[in-house]
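Student: Would you mind keeping the following structure in view while I ask a few things?
The values are calculated or read from the model by the stated rules, or taken from the named source; none is laboratory data. The shown structure was predicted, so the numbers you read here are calculated from the model rather than taken from an experiment. Note: ideal-geometry Cβ built from the backbone for every residue, glycine included; neighbour counts use all protein chains shown. Please note that ligands, DNA and RNA were not included when accessible areas were found on the heavy atoms of the full protein model with its side chains. Shrake-Rupley method; radii C 1.70, N 1.55, O 1.52, S 1.80 Å.
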Amino acid sequence: MDVTELIELMKKRWTARNFESRKVSDNDLEKILEAGRWAPSGGNKQPWELVVIRDEETKEKIARLYSNAMGLDHPSERYTSPPVLIAVCIDTRTIDSYPDMMPANFIAYASVGSMVQNMGLAAALMGIVVSWGTQPMGIHDELRELLSLPGYIYIPDILQVGYPAQDRHLTGRREVDEFAHHDKMDETKLRDLSP
Ligand SMILES: Cc1cc2nc3c(=O)[nH]c(=O)nc-3n(C[C@H](O)[C@H](O)[C@H](O)COP(=O)(O)O)c2cc1C
């Protein structure tokens, strides 16, 4: 694969919110997890633990927790429709081992981000979507109990993995020149983010 093909693959990865019931094979799932394994991480601490969820009842419970927290009146299909969910967890004991001067939570979350990106790209090559699902703070304790997570395990995201049942939702990106600064920051390029 050359760099142009790699960038094309990056453009192929996307976030779906509805999924077919079609199963993801064990073989494909293994490849996705193997891709995640090779992600870089701060100090190579590999702060991640993944809970791969296929059990329908558990998915339903996650959907209910999420929907209640978000004020939805039905269990969110984004957690019931995909054949696989992956709870991305951070072992916060790895964070404690980072030197004090570093923004340790950022390092851990950036590491998880690298892992999810690796998995998303591998999946995209196979026509499978891996979508992020950030979890509301208010349901952490319930998620911990549901998934038998010890108290020092933090659960920022539950990924949805499957074949999309919707047309691609096209998202744009800023041009490189809009965010790349040379030698020093050009403040005139910064966005007006006031509401
Ligand atoms: C750290 C992170 C958290 C995200 N959390 C959510 C989420 O909670 N819900 C959601 O619908 N999408 C979530 N997304 C997906 C983004 O909305 C999506 O990547 C972005 O809109 C670009 O679209 P694309 O992935 O289709 O290219 C998240 C993405 C990232 C990187």
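Student: Helix by helix through the chain, keep the DSSP H runs that span 20 Å or more along the axis on Cα and average at least -1.0 on Kyte-Doolittle, and give those back in order.
Tutor: Long hydrophobic helices here: 104-125.
Student: Then there's this: What percentages make up the Cα-Cα pair-distance distribution of the chain when the bins are 5 Å wide from 0?
Tutor: Spelled out bin by bin, the chain gives 1, 7, 13, 16, 17, 17, 13, 9, 4, 1, 0 percent.
Student: If you don't mind, there's one more thing I want to ask. Could you give the accessible area per residue of segment 15-164, probe 1.4 Å, as a whole number in Å²?
Tutor: Value for segment 15-164: 49 Å² per residue.
Student: Okay, moving on. Using only the Cα atoms of segment 89-195, what semi-axes does the equivalent ellipsoid have when each is the square root of 5 times a gyration tensor eigenvalue? Give whole Å, largest first.
Tutor: Equivalent ellipsoid of segment 89-195: 29, 24, 15 Å, largest first.
Student: Rolling a 1.4 angstrom probe over the protein chains, ignoring ligands and nucleic acids, what is the accessible area of R93 in square angstrom, nearest 10?
Tutor: Surface open to solvent at R93 totals about 130 Å².
Student: Ranked by accessible surface with a 1.4 Å probe, highest first, in what order do S41, S194 come?
Tutor: S194, S41
Student: Further, regarding this structure: Which residues does a label at E142 reach in segment 43-76, if reach means a backbone N under 20 Å from a point 7 Å past the Cα toward the Cβ?
Tutor: Residues passing the 20 Å test: 51, 53-76.
Student: Okay, next question. So for D141, D91, what's the accessible-area order with a 1.4 Å probe, most first?
Tutor: D141, D91
Student: In the chain, what percent of the accessible surface is made up of carbon and sulfur (1.4 Å probe, ligands and nucleic acids excluded)?
Tutor: After summing per-atom areas, the C and S share lands at 53 percent.
Student: Under 22 Å between alpha carbons: how many lysine pairs meet that in the chain, if sequence neighbours fewer than 8 apart on the same chain are excluded?
Tutor: The result is 7.
Student: Here's something else I'd like to know. Go ahead and estimate [θ] at 222 nm for the chain from helices alone: -39,500 (n - 2.57) per DSSP H run with n ≥ 4, summed, over the residue count, rounded to 500.
Tutor: Estimated from H runs of four or more residues: -12000 deg cm²/dmol.
Student: Quick check: pseudo-label points 7 Å beyond the Cα along Cα→Cβ at M185 and V52, how many nm apart are they?
Tutor: For the pair M185/V52, the computed spacing is 4.2 nm.
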